[in-house]
Amino acid sequence: QSALTQPPSASGSPGHSVTISCTGTSSDVGAYNYVSWYQQHPGKAPKLMIYEVTKRPSGVPDRFSGSKSDNTASLTVSGLQAEDEADYYCSSYAGNNNLVFGGGTKVTVL
Amino acid sequence: QVQLQESGPGLVKPSQTLSLTCSVSGDSITSGGYYWSWIRQHPGKGLEWIGYIYYSGSTYYNPSLESRVTISSDTSENQFSLKLSSVTAADTAMYYCARSLWGYAFHFWGQGTLVTVSS
């Protein structure tokens, strides 16, 4: 299976919003509601921010939200804060027990 | 709170077998419904799922690595392990262990361990 497509970078000013896309196919993102988003700061392990397209784990601020339309999932970070600057990865169940990740998006807070 | 900790050699010679262990605390790896996975990240690159072992002991591997991967568990030690055979420099990466439910949402991760393949 191929990796999901994410833009390499995205940016926004503090207090503003940024949206990251994650494009797959009708065999992964489009077929299942098992899209997750991870935040990774340098030198740290990834942290789950969104799962099953729209759900937030306990402790994740509601500034983080997820959505999906057809074969594209999106992560929106509202009210950007300095600590939101990180790499973000999407993943999707791809059927037959397979999982595929996106290539990652570096978010910069201007 | 579930905690995972990877351990193993940081340097492996080409053509040899990479062996890592993930020690789990705060939960039993035989707890119903959980998948225990290995994930790697090449330097400066994205994430790649390697495979999982289910609480029941069944396993599934990424088709791209399947011929070289074995994931097993030691329930008495509450650990699960990764073996990757015939390694090359392309297997140099940070290796993470993680726990998920069905759907591959990895709620808990280890801190990762860097493995370098070099002679």
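See the values below:
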read-out	value
Residue under evaluation A:Gly95, criteria (1) away from chain B (no Cβ under 14 Å); (2) within 23 Å of A:Ser2 (Cβ to Cβ), criterion not met	(1)
Selection within the range B:72-86 - at negative phi and out of contact with any Lys or Arg (no Cβ under 8 Å at 6 or more places or on another chain)	B:Ser73, B:Asp74, B:Thr75, B:Ser76, B:Glu77, B:Gln79, B:Phe80, B:Ser81, B:Leu82, B:Lys83
Total residues in the range A:46-87, condition among the charged types (D, E, K, R) and more than 25 Å from B:Gly44 (Cβ to Cβ)	7
Unique match (being in contact with a strand residue (DSSP E or B) (Cβ under 6 Å, 6 or more places away or on another chain), charged (D, E, K, R) and in a loop (DSSP other than H, G, I, E, B)) among A:Asp62, A:Asp87, A:Asp28	A:Asp28
Exclusive hit being farther than 20 Å from A:Ala3 by Cβ, in contact with a strand residue (DSSP E or B) (Cβ under 9 Å, 6 or more places away or on another chain) and at pLDDT 95 or above, set A:Val107, A:Val77, A:Val53	A:Val77
Residue in the range A:6-20 that is at pLDDT below 95 and out of contact with any Gly (no Cβ under 9 Å at 6 or more places or on another chain) present	no
Tabulated pairs, the range B:40-55, first closer than 13 Å to A:Tyr88 by Cα, second β-branched (Val, Ile, Thr), C-beta under 9 angstrom, 6+ apart or interchain	B:Leu47/B:Ile39
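The values are calculated or read from the model by the stated rules, or taken from the named source; none is laboratory data. Here the structure is a predicted model, which means the values were calculated and not measured. As a convention, Cβ positions derive from the backbone with ideal geometry for all residues, glycine included, and neighbour counts pool all protein chains shown.
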